[in-house]
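The values are calculated or read from the model by the stated rules, or taken from the named source; none is laboratory data. Quick caveat, the model's predicted, so the values are computed rather than measured. Counting neighbours? That spans all protein chains shown, and the Cβs are built from the backbone with ideal geometry, glycine included. What goes into the accessible areas is simple: the full protein's heavy atoms, side chains included, and nothing from ligands, DNA or RNA. Shrake-Rupley method; radii C 1.70, N 1.55, O 1.52, S 1.80 Å.
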Amino acid sequence: QHYFIQSNLRSMSKTDLKRDRPAVKVEGDSAALKLQDDITCKGCFKEFNSNRVPKVLHCLHNLCTECISMSFGLNPGTNTVTCPTCQIKCVGKSAESFHTHSYVQIISDISACFKDQMNGTLKCIGCKNVAGLRCLTCNENYCQEHTDFHVRSRATSHHKVLSFKQILSAPLIVSTIKKDENCPSHTTKLVEFFCFTCKLPICTACALSSHESCIYEELSIAVSSLKEKFDKIKPAFNRKAYNLKKKGTILETGIKQIEGDFSNSTATVADMSDSILRQLRQKEATMNLHIEEHSNTL
């Protein structure tokens, strides 16, 4: 049960829930349903946005910051959030202590922008015209005129600019956009390697100095290596998760059966006690009658 929104759900009809989840209309029914499911929080059934940031729980399911904060508020001192999808309890200090799901956050923002574009309220970052395209590298919205200028500029000619409808029809394209990130230790240098020893992204200066004795690889090679490791452990993880869920179901069924047996046993003991008491009282009455008869004969 989604324990932290139960009171709200009880007062909401199915019509209300559907009204609160406006569908993103893109080509392909199954793709549209999958997209809508990805950008919808399973706790409050509302789309993720800047206030309801998608956070990744330890079970790898997503939940918005509002639902996580509400859960902490309803369960003070426990520091746990129960995932409404798989019922696993996840420990955390606050909503911000969970990692943000960047992909879902970007897709949710693009979905909202697409709706604003259709309503004519989304403005280009460079003028007052309605924006209809997004630069996935800059994460900025442009009209056609400023898009033409953006892609012709030498500094941004390699950027990926697509319409919102194109992105939402193939949302995984967001995860393929390469973005330059600065090294946390040398803010003026770009990250080029991943240190497997320290489990940190590093730049060339880091590789030649503080990480000289570490094992590191170029980012693209490191990503491929980590993905390969993840693909290997994913089936085992899924099996363990399935087995745990199955054992949990068996345990829950056993507890209910024990509770039922206990109730039945209690009722049976009560019935036996009543029966024994009735028999004792009958014997007592019979013995008293015999004693009285014997006294009269004397």
Name the most mobile residue of 271, 37, 231, meaning the one with the largest mean-square fluctuation, in a Gaussian network model of the chain with Cα contacts below 10 Å. 271
With a 1.4 Å probe and all protein chains left in place, how much accessible area per residue does the chain have, in Å²? 68 Å²
Connecting C-alpha atoms closer than 10 Å in a GNM of the chain, tell me which of 237, 262, 194 has the biggest fluctuation. 262
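Pop out the carbon and sulfur fraction of the accessible area of region 172-226 as a percent, whole number, probe 1.4 Å.
Working: 2200 of 3820 Å².
Carbon with sulfur: 58 percent of the solvent-accessible area.
Order 275-283, 158-166 from most to least packed using the mean count of other Cβ atoms within 10 Å. Could the numbers behind the result be given before it?
Values: 275-283: 10.0, 158-166: 16.1.
So the peptides 275-283, 158-166, ranked by packing, come out 158-166, 275-283.
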Using a/c under 1.5 as the rounded threshold, could you call region 49-92 rounded, prolate or oblate? The axes a ≥ b ≥ c are square roots of the C-alpha gyration tensor eigenvalues, and prolate needs a/b larger than b/c, oblate otherwise. oblate
Going down the table (123/165; 115/165; 55/89; 89/240; 55/240), which pairs top 19 Å between alpha carbons? 55/240
Of all accessible surface on region 26-96 at a 1.4 Å probe, what whole percent is carbon and sulfur? 55 percent
Could I have the simple spin-label model distance between residue 196 and residue 222, label points 7 Å from Cα toward Cβ, reported in nm to one decimal? 1.2 nm
Measuring from the lowest to the highest alpha carbon on each principal axis, how far does region 58-172 reach, largest first, in angstroms? 55, 29, 23
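For region 147-293, what is the charge dipole size about the Cα centre, in debye to the nearest 20, if Lys and Arg each add +1 at the Cβ and Asp and Glu each add -1 at the Cβ? Before the final figure, lay out the partial values.
On the way: 21 positive and 17 negative charges, 216 e Å.
Roughly 1040 debye for region 147-293.
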Using only Cα atoms and rounding to the nearest 10 degrees, what angle (0 to 90) does helix 29-38 make with the longest principal axis of the chain? 80 degrees
Sequence-distant residues sharing a close amide H with residue 55 (under 5 Å, placed H): 63, 64, 65, 101
Treating the Cα atoms of region 183-246 as identical point scatterers in vacuum, please give the log10 of the normalised Debye intensity I(q)/I(0) at q = 0.12, 0.18, 0.27, 0.29 Å⁻¹, two decimals. -0.42, -0.66, -1.06, -1.15
Between residue 145 and residue 241, with labels modelled 7 Å along Cα→Cβ, what's the label distance in nm to one decimal, could you check? 4.9 nm
Hey, can you grab everything whose amide H is under 5 Å from the amide H of residue 46? Only 5+ residues off in sequence or another chain; H modelled, so Pro and N-termini drop out. 41
Along Cα→Cβ, 7 Å out, is where each label goes; now give me the distance between the ones at residue 99 and residue 128 in nm to one decimal. 4.5 nm
Measure nothing fancy, just the Cα-based angle from helix 65-74's long axis to the longest principal axis of the chain, in degrees from 0 to 90, nearest 10. 30 degrees
Round to the nearest 10 and give me the degree value, 0 to 90, for the angle of helix 219-297's Cα axis relative to the longest principal axis of the chain. 10 degrees
From the Cα gyration tensor of region 145-214, with a ≥ b ≥ c the square roots of its eigenvalues, which class applies: rounded if a/c is under 1.5, or else prolate if a/b is larger than b/c, or else oblate? oblate
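Rounded, prolate or oblate: pick one for region 112-181, where a ≥ b ≥ c are the square roots of the eigenvalues of its C-alpha gyration tensor, a/c under 1.5 means rounded, and failing that, prolate if a/b is larger than b/c, else oblate. Can you show the working numbers first?
Details: a/c = 2.18, a/b = 1.17, b/c = 1.86.
Since a/c reaches 1.5 but b/c is at least a/b, the shape of region 112-181 is classed as oblate.
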